[in-house]
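**Student:** Okay, here's the structure, questions in a sec.
Values quoted throughout were computed directly from the atomic coordinates according to the rules given, and no laboratory measurement underlies them. Nothing here was measured: the structure is a model prediction, and the numbers come from that model. Cβ atoms come from the backbone with ideal geometry, glycine included; neighbour counts cover every protein chain shown.
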Amino acid sequence: MLMTLFYCLPLLLICKGCLTYLVCHTVGANMDILFNAAKSTLFRVWKFCDNTIDNLQIGNARIHWCKSLKYLGIYFQSDCSLKCNTDLSVHRFYTAANAIVSNARYASELSKLFSIESYCLPLITYSCEALDYDRKQLHKLNVCWNNLYRKVFRMQLWESVKELQFFCGRLDFTHIYSLKKLMFLHKLVRQNNACLNVCFSVFKHSTEFLSLCRNFDLVISQCSVSNVKCSVFSCFYNIVESRLRECDSVLCSHVLFFFFFFSFYICFLSRVSILTLDIDIANMSVCLSVCLSVCPLRSGTR
């Protein structure tokens, strides 16, 4: 909630009972301010969100309860905690991306990627600095962003795009989300606004802030913009490097297994005992070096 407060400060009434609405209506009438009940809505969050509550009134007009609230372009859901709905953002993202890909058939892959990053990515990253996505929502947005790489570079759904993002110098959505949060906090801590400074002093003790600083080994108040970006990119690249090493080790083990299986199979067909094979250690080392040359470790060739 504090992150939303940092992001923007429009008119939002958070009240506990109908007395607040009566006071607002009375004070507003004295100041020639009229509250429009037709454009107002009641939205409840926390453990009593499923309870049935009568509609409240402001003046002579009723305000109705709703399960979804649109606030500054973001749709929030009535639940035990404040949650945002990302379905509409994902739908708009796919619509815009499909329009770009279908109208840029003869453009290069990087040109399509630049266009998608410019016009489509902001649709799913809008105000993400102030929102706290849960693990399921973050995974959904990450899959959405990865599918666009598969669409642009003509990859299958079961193929991983992390290596492609690695060699293109890009990030997956999980790290884009973290980078935007860190950049927002980096700007926030350097503001000369007393109210924002007090709010940040409270937020810096939260679990979200501490986990961000711990995962990327940063001190927001002391690091620069380049340090923030370098730390996030390094974290992502380390993850991809470890995945590549695992894939290389598995590939080498498969090749070696095939080599030995093929040797035993040849021995079985020729009915020659394995103990009488005329293969010395030197020839075996040559065969092993050939097998290893088929699948060299990427970390050594990069």
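**Student:** Taking amide H positions as placed in the peptide plane 1.01 Å from N, state which residues far from Ile58 in sequence (5 or more) or on other chains have amide H under 5 Å from it.
**Tutor:** Those lying under 5 Å, H to H, from Ile58 are Ile63.
**Student:** Taking 2.2 N^0.38 Å as the expected size of a compact globular protein, what ratio does the Cα radius of gyration of segment 36-154 give against it, to two decimals? Don't jump to the answer; show the numbers that get you there.
**Tutor:** Details: Rg = 19.1 Å, N = 119, 2.2 N^0.38 = 13.5 Å.
That works out to 1.41 for segment 36-154.
**Student:** Extending each Cα 7 Å along its Cβ direction at Arg214 and Lys180, get the distance between those two points in nm, one decimal.
**Tutor:** Reported label-point gap for Arg214 and Lys180 is 2.5 nm.
**Student:** Would you list, by chain and number, the lysines whose Cα falls below 24 Å from the Cα of Lys83, excluding same-chain residues fewer than 8 positions away?
**Tutor:** Straight-distance partners of Lys83: Lys16, Lys39, Lys47, Lys67, Lys70, Lys136, Lys140, Lys180, Lys181, Lys204.
**Student:** Between Glu241 and Arg44, what FRET efficiency follows from the Cβ-Cβ distance if R0 is 41 Å, with the result rounded to 0.05?
**Tutor:** Values: r = 47 Å, r/R0 = 1.15.
Efficiency for this residue pair is about 0.30.
**Student:** What's the extension gain from Asp87 to Arg154 if we count 0.36 nm per residue and subtract their Cα-Cα distance? Walk me through the numbers before you get to the answer.
**Tutor:** Details: separation 67, 0.36 × 67 = 24.12 nm, distance 2.48 nm.
Length gained between Asp87 and Arg154: 21.6 nm.
**Student:** Same structure again: If you wrap a convex hull around the C-alpha atoms of segment 85-236 and split its volume per residue, what is the figure in Å³? Display every interim value, and only then the final one.
**Tutor:** Details: hull volume 19.2 nm³, N = 152.
Spread over its residues, the Cα hull of segment 85-236 gives 126 Å³ apiece.
**Student:** Let me ask something else. At what distance in nm do the modelled label points of Phe35 and Cys195 sit from each other, each positioned 7 Å from its Cα along Cα→Cβ?
**Tutor:** With each label placed 7 Å out from Cα toward Cβ, I get 1.9 nm.
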